[in-house]
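Structure first, then comments.
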Amino acid sequence: MHLLVIGAAGMIGRKLLSAVVASGRLGDRDVSRLTLADVVKPEIPAGFSGEAAGLALDISDPRAARQLVAGRPDVIIHLAAIVSGEAELDFDKGYRINLDGTRHLFDAIRHLSEMDGYCPRVVFSSSVAAFGAPVPDEIDDTFLTAPLTSYGTQKVIGELLLQDYTRRGFFDGMAIRLPTICIRPGLPNAAASGFFSGILREPLAGKPAVLPVPDTVRHWHASPRAAVGFLIHAATMDTGPVGHRRALNMPGVSATVADQIEALRRIAGDKAVALIRREPAPEIMRIVSAWPRGFAPDRALALGFSAESSFDEIIRIHIEDEMAGEIRV
């Protein structure tokens, strides 16, 4: 199998590739070739013995999309995006990367499909930002997508394109609406949701963290480990039972900020919680207040997707995967 990962230098991309290389397979097929692309050249994962290429390119350039699909990858996982806060601050950049880049990729596949019947599996990473207020406490699989951010709008347009290109037979597409991924390792990024990870990641490492929203804010979360599982399942599952509605709400954990903090207290103690400093940020609150609070992801669960069942589990996964099992507070 030839696997193409776009956005391969990002956190989820790296974790996905580590999982694939560790098993040597994607589903029941051996992975013999990797093409990895991002705005910076991705590293080839250690231990991969097949053919591999890492490419630094601009996904918003149509020539880049044509270059990526020229080798006719069997599975394409599209993770590349400008995150929510940056897409809101830089309107042109958000649409250029998140929308134009996706459209160019889909069209490059379409041209090959029309020429010789090429039809890969395409997995598109969408987001719960596809939904905007007013929302119920639990969003079901029939709820209206009406985003209130540029990022969410760009993701919904990508979902619609994927469904139409799949309907036309150009590729076999799946769009997975990722929960906010928590706890994200590494340094903070420009995502409006970044504080959800920061108020846990930093105290666990003995560092201070800033909380810009009230404790009552509720949101939908899953771990990086769960996100990798979503992608692998979407890349390998039988899509026949999915039907024409190819965008799925992923499972996760609905939790308030207070729930997160109490889970941190149970696992790391009062000293960790004391490192959280409250500094209200109205712009972050404006964005986050329009996001979903919880889901009833019945379709995804029935199709075999799974995630954590508690925030304690999410924190423990971070400690295992990123901290060698050691809390440093």
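Just a few scattered comments:
- Filter pass, Phe170 being assigned to a loop (DSSP other than H, G, I, E, B), touching a Ser or Thr at 6+ places or on another chain (Cβ under 7 Å) and among the hydrophobic types (A, V, I, L, M, F, W, C): yes
- Among the conditions (1) touching a helix residue (DSSP H, G or I) at 6+ places or on another chain (Cβ under 9 Å); (2) of a type in the set (D, E, K, R); (3) surrounded by fewer than 15 Cβ atoms within 10 Å (Cβ to Cβ); (4) in a loop (DSSP other than H, G, I, E, B), the only one that Asp238 does not satisfy is (1).
- Only one of Ile183, Ile157, Ile97, Ile176 that is within 17 Å of the chain's Cα centre (by Cα), hydrophobic (A, V, I, L, M, F, W, C) and part of a loop (DSSP other than H, G, I, E, B): Ile183
- Lone unmet requirement of (1) over 17 Å from the mean Cα position of the chain (by Cα); (2) crowded, with 18+ Cβ neighbours inside 10 Å; (3) of a type in the set (Asp, Glu) for Asp28: (2)
- All strands (runs of 3 or more DSSP E) inside region 1-64 with 3 or more residues being among the hydrophobic types (A, V, I, L, M, F, W, C), under 16 Å from Ile77 (Cα atoms) and free of Cβ contacts under 8 Å to residues at least 24 places away in the same chain: 51-56
- Asp137 at pLDDT below 95, charged (D, E, K, R), closer than 27 Å to Met285 by Cα and in a loop (DSSP other than H, G, I, E, B): yes
- Residue check, Arg72 under 24 Å from Lys155 (Cα atoms) and basic (Lys, Arg): no
- Selected residue (criterion: farthest from Val217 (Cα to Cα)) from residues of region 131-165 that are in contact (Cβ under 8 Å) with a residue 24 or more places away in the chain and among the acidic types (Asp, Glu): Glu159
- In region 269-289, the residues that are under 16 Å from Val257 (Cα atoms) and in contact (Cβ under 8 Å) with a residue 60 or more places away in the chain reach residues that are of a type in the set (A, V, I, L, M, F, W, C) and in a helix (DSSP H, G or I) with C-beta atoms within less than 8 angstrom, at least six apart or across chains, in these pairs: Ala272/Leu204; Ala272/Leu264; Val273/Ile261; Val273/Leu264; Ile276/Ile199; Ile276/Ile261; Ile284/Phe195.
- When Pro280 is tested against (1) part of a loop (DSSP other than H, G, I, E, B); (2) farther than 19 Å from Val217 by Cβ, only condition (2) is not met.
- Within region 206-234, the set of residues being in a helix (DSSP H, G or I) and either more than 22 Å from Gln154 (Cβ to Cβ) or modelled with pLDDT under 95 (or both) comprises Pro224, Arg225, Ala226, Val228, Gly229, Ile232, His233.
- Region 270-322: number of residues that are under 19 Å from Arg184 (Cα atoms), at pLDDT below 95 and over 19 Å from the mean Cα position of the chain (by Cα): 1
- Of the set (1) part of a helix (DSSP H, G or I); (2) under 27 Å from His78 (Cα atoms), all apply to Asp259 but (2).
- Subset of region 192-205 that is part of a loop (DSSP other than H, G, I, E, B) and surrounded by 24 or more Cβ atoms within 10 Å (Cβ to Cβ) - its residue that is modelled with the highest pLDDT: Ser193
- Close pairs from region 91-114: first more than 13 Å from Ala80 (Cβ to Cβ), partner part of a helix (DSSP H, G or I) and basic (Lys, Arg), Cβ under 6 Å, at least 6 apart: Ala108/Arg66
- Here region 296-329 is the region considered, the condition is being part of a helix (DSSP H, G or I) and among the aliphatic types (A, V, I, L, M), and the residue that is farthest from Arg266 (Cα to Cα) is Ala302.
- Matching residues, region 241-268, being surrounded by fewer than 16 Cβ atoms within 10 Å (Cβ to Cβ) and either at negative phi or in contact (Cβ under 8 Å) with a residue 12 or more places away in the chain (or both): Pro241, His244, Arg245, Ala258, Arg265, Arg266
- Extreme residue, modelled with the lowest pLDDT, among residues of region 81-94 that are aliphatic (A, V, I, L, M) and in a loop (DSSP other than H, G, I, E, B): Val83
The values are calculated or read from the model by the stated rules, or taken from the named source; none is laboratory data. All values reported here derive from a predicted model rather than from experimental measurement. Cβ sites come from the backbone with ideal geometry, for glycine too, and all protein chains shown count toward neighbours.
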